[in-house]
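Notes follow once the structure below has been shown.
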Amino acid sequence: DERGTPQQRGRLKESKRAAQEGLCPSCTQPLPVKYCVLDRFDAFLGYTEANTRLICEPCDRRIQAGSRYGNPVG
């Protein structure tokens, strides 16, 4: 399973928060306590330490809106 368990993703989020010193690498603002998103560099590689970064929800929405995944087809 590419997503792993909720516990695995929770531990990865904690690790990323510490490694990023509590900052969103996209906007450089402090990460909120809740509603942070594990952003994968390559979706096919899954949720790993090397393949993810922890970003804030507004940055996730902005990134998704700019990708083909965030835009409706048609």
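The values are calculated or read from the model by the stated rules, or taken from the named source; none is laboratory data. Since the model is a prediction, treat every value here as computed from it, not as a measurement. Note that each Cβ is placed from the backbone with ideal geometry, even for glycine, and that neighbours are counted across all protein chains shown. For accessibility, only protein heavy atoms count, side chains too; no ligands or nucleic acids. Shrake-Rupley method; radii C 1.70, N 1.55, O 1.52, S 1.80 Å.
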* To do: Can you run down the residue pairs with Cβ atoms below 6 Å, 6 or more apart or on separate chains, where the first is in the range 1-28 and without any contact (Cβ under 8 Å) to a residue 24 or more places away in the chain and the partner is open to solvent by less than 40 Å² (accessible area, probe 1.4 Å)?
  => Gly22/Leu31
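Condition check ((1) part of a helix (DSSP H, G or I); (2) more than 10 Å from the chain's Cα centre (by Cα)) across all residues:
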{"site": "Gln8", "(1), (2)": "yes, yes"}
{"site": "Glu14", "(1), (2)": "yes, yes"}
{"site": "Thr28", "(1), (2)": "no, yes"}
{"site": "Arg53", "(1), (2)": "no, no"}
* Asked: For Arg61, are the conditions met, namely being part of a helix (DSSP H, G or I) and either under 12 Å from the mean Cα position of the chain (by Cα) or at pLDDT 95 or above (or both)?
  -> yes
* Asked: Taking the stated definitions as given, is Lys34 in contact with a strand residue (DSSP E or B) (Cβ under 7 Å, 6 or more places away or on another chain), over 18 Å from Ser67 (Cβ atoms) and basic (Lys, Arg)?
  -> no
* Qualifying position, being under 25 Å from Thr5 (Cβ atoms), without any contact (Cβ under 8 Å) to a residue 40 or more places away in the chain, touching a Gly at 6+ places or on another chain (Cβ under 8 Å) and open to solvent by less than 50 Å² (accessible area, probe 1.4 Å), among Leu31, Leu38 -> Leu31
